[in-house]
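K.L.:
Dropping a structure here in structure tokens format, bear with me for questions.
The numbers here are math on the coordinates, done by the rules we state, and not lab data. Treat the numbers as computed from the prediction; the structure is a model and nothing was measured.
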Amino acid sequence: MALDTRRMLRGAAAGGIAAAIWALQQPLDKRLFGSRYDDVELLGRFVVREGDGWAAPGAALHVQNGALFGALFAALSPALPGPPAARGALVALGEHLALWPLGRLSDRFHPGRAELPTLTGSRRAFWQAAWRHALFGVVLGELEHRLNGPPAETAAPPPTDHDLSDYVTTNGHGNLEHAAVGGGEG
């Protein structure tokens with residue numbers, strides 16, 4: 001599979017926008033799920049461990065991660081079945097399920113863990129993250145599709161004046177009419 005750089009760049013833009021939407025809606029889902037788990041804070045506290053200076057670097061890392069995910073998604077999207085929003089949600093939720101167990105490592109080794117909520121065993125945080133990934137995936141799938149359109153491989157071939165059966169018979173030797181008349185137009 002050849003990588004289409006333009007397609008991946010547009011996918012990166014879609015992923016960055018989807019990650020920004022994720023981050024902007026977090027205050028609402030924190031209230032809805034009753035969990036203070038915050039992905040921007042989790043990332044930002046790798047850079048700024050104490051105080052409130054984590055927001056800008058955390059947002060930058062979050063959008064960057066979304067852009068990287070979007071680029072990869074754009075490369076894989078043509079091979080995935082279903083409508084764009086469903087493809088995005090499926091891939092993002094798959095990533096959530098695959099990586100959620102790493103929360104144990106974050107709880108134990110994250111340099112800012114004293115300031116962060118515990119993820120291990122938190123059903124609220126798990127479902128909150130599932131909601132975020134689903135939202136991200138739907139936005140990513142739709143935006144990537146709108147920016148990239150259908151993959152080039154699925155485009156219909158250009159129309160031709162002649163069908164192959166005009167030139168080849170079932171015995172594989174060609175059509176005598178084309179040989180005798182010079183094309184059999186008509």
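K.L.:
Starting from 0.36 nm per residue, how many nanometres of slack lie between THR118 and GLN25 once their C-alpha separation is accounted for?
P.N.:
31.4 nm
K.L.:
Please work out whether the range 5-154 counts as rounded, prolate or oblate from its C-alpha gyration tensor, where a ≥ b ≥ c are the square roots of the eigenvalues and a/c under 1.5 means rounded, while otherwise a/b larger than b/c means prolate and anything else oblate?
P.N.:
It is prolate, given that a/c is not under 1.5 and a/b is the larger ratio.
K.L.:
How long, wide and thick is the range 35-75, going by the Cα atoms along their three principal axes, in whole angstroms, largest first?
P.N.:
On the principal axes, the range 35-75 reaches 39, 22, 12 Å in Cα extent.
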